There are 2 protein chains.
Amino acid sequence: MQKQFMQRAIELAREGMDAGAGGPFGSVVVKDGEIIAEGYNGVTSNNDPTAHAEVMAIRAACQKLGTFQLDDCEIYTSCEPCPMCLGAIYWARPKAVYYACTREDAAAIDFDDQLIYDEIDAGIDNRQIPFKQIQRAEALTVFKAWQDKTDKIEY
Amino acid sequence: MQKQFMQRAIELAREGMDAGAGGPFGSVVVKDGEIIAEGYNGVTSNNDPTAHAEVMAIRAACQKLGTFQLDDCEIYTSCEPCPMCLGAIYWARPKAVYYACTREDAAAIDFDDQLIYDEIDAGIDNRQIPFKQIQRAEALTVFKAWQDKTDKIEY
């Protein structure tokens, strides 16, 4: 079954590439032994830098399940997730991730995540894109209001 | 101007929270001294774990501009971006990011990104969510096809 699910993720990578949707990456979400959602990279065709295969599949799976968490699901992706997708996976909380190509394989075809890993490690005051802090006190009042909110849905 | 833009991001954080859209986070994208897109967290209302304020604002800005890159734009966010949003920001490539609250402020109201940072650092073979590699050889054939593709749009 695992091979079959990954085979579909790989097929999606090729389908998306051939359709001109974006880069050569595909992903599926599996629950109870069935594919419940699929995705391929649509960055350039959707004008959406977040439209990576895993994000697309996670979003589709959550729509289908009517939930914002993917408990008891597995994610299959044709390539090791980039840091953005890794973050999305941790917010979605599937029980396992299967991947095929590595980040090094992706870098070899000019999809290089290493800058992002380096920038995460560099810390917020030492990044190539400057990060500047302003107005923390004002923003903290909203966090305080969240703490006091009685009808909030936590996630 | 910077204060005004951040003030709007903070307002959006409150609006989204008050509307029951999701957590208390807001963001705007600025180009040429004007807000071109806004976003607030919609994770729980949209059933979308990727619907963080920055992702929403980036996606809206790219739709408005008809592009998958935010060159010459600034992103204002009411809180330091999580690793997913940091990744989204690096794929979008704005020229600067302004933030208000810190990741520690977010953790204090139970939005803790530290697990994700730790899991990135842990490496792919040592994560709480197991990552398993299968079928690399099959997936590499699609990467090879991408390399050979003559009409691809790189990003």
Would you check which residues across segment B:58-81 are within 18 Å of A:GLN133 (Cβ to Cβ), open to solvent by less than 10 Å² (accessible area, probe 1.4 Å) and not β-branched (Val, Ile, Thr) and list them?
B:TYR76, B:SER78, B:CYS79, B:PRO81
Only residues that are more than 7 Å from every other protein chain (Cβ to nearest Cβ), under 22 Å from B:CYS101 (Cβ atoms) and open to solvent by 70 Å² or more (accessible area, probe 1.4 Å): list them for segment A:98-136, please.
A:ASP121, A:ASP125, A:ASN126
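Are any residues in segment A:137-155 open to solvent by 90 Å² or more (accessible area, probe 1.4 Å), assigned to a helix (DSSP H, G or I) and either modelled with pLDDT under 95 or more than 18 Å from B:GLY42 (Cα to Cα) (or both), and if so, which ones? Steps first, answer last, please.
Filtering segment A:137-155 for residues open to solvent by 90 Å² or more (accessible area, probe 1.4 Å) gives A:144, A:147-148, A:150-151, A:153-154.
From what's left, assigned to a helix (DSSP H, G or I): A:144, A:147-148.
Those that are open to solvent by 90 Å² or more (accessible area, probe 1.4 Å), assigned to a helix (DSSP H, G or I) and either modelled with pLDDT under 95 or more than 18 Å from B:GLY42 (Cα to Cα) (or both): A:LYS144, A:ASP148.
Tell me, please, whether a residue that is touching a residue at least 24 places away in the same chain (Cβ under 8 Å), in a helix (DSSP H, G or I) and within 25 Å of the chain's Cα centre (by Cα) can be found in segment B:110-119.
Narrowing segment B:110-119 to residues touching a residue at least 24 places away in the same chain (Cβ under 8 Å): B:111, B:113, B:116-117.
So of that shortlist, the ones also in a helix (DSSP H, G or I) come out as B:116-117.
With the extra rule that they be within 25 Å of the chain's Cα centre (by Cα), the set shrinks to B:116-117.
Checked against the condition, which is being touching a residue at least 24 places away in the same chain (Cβ under 8 Å), in a helix (DSSP H, G or I) and within 25 Å of the chain's Cα centre (by Cα), segment B:110-119 yields at least one hit.
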For segment B:66-78, which positions are within 8 Å of chain A (Cβ to nearest Cβ) and either free of Cβ contacts under 8 Å to residues at least 24 places away in the same chain or out of contact with any Pro (no Cβ under 8 Å at 6 or more places or on another chain) (or both)?
B:GLY66, B:THR67
Per-region count, segment A:18-44, residues in contact (Cβ under 8 Å) with a residue 12 or more places away in the chain, more than 23 Å from A:ARG103 (Cα to Cα) and not hydrophobic (A, V, I, L, M, F, W, C)
3
Can you name the condition, by its number, that B:PRO81 falls short on among (1) part of a loop (DSSP other than H, G, I, E, B); (2) without any contact (Cβ under 8 Å) to a residue 12 or more places away in the chain?
(2)
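Assess whether A:ALA53 counts as being of a type in the set (Gly, Ala, Ser), open to solvent by less than 10 Å² (accessible area, probe 1.4 Å) and more than 7 Å from every other protein chain (Cβ to nearest Cβ). Spell out the reasoning first.
Working: of a type in the set (Gly, Ala, Ser): yes; open to solvent by less than 10 Å² (accessible area, probe 1.4 Å): yes; more than 7 Å from every other protein chain (Cβ to nearest Cβ): yes.
When the stated conditions are applied, A:ALA53 passes them.
The values are calculated or read from the model by the stated rules, or taken from the named source; none is laboratory data. Because the structure is predicted, anything quoted here is derived from the model rather than measured. Glycine also receives a Cβ, built like all others from the backbone with ideal geometry; neighbour counts cover every protein chain displayed. Side chains are part of the model used for accessible areas, which takes the heavy atoms of the whole protein and leaves out ligands, DNA and RNA. Shrake-Rupley method; radii C 1.70, N 1.55, O 1.52, S 1.80 Å.
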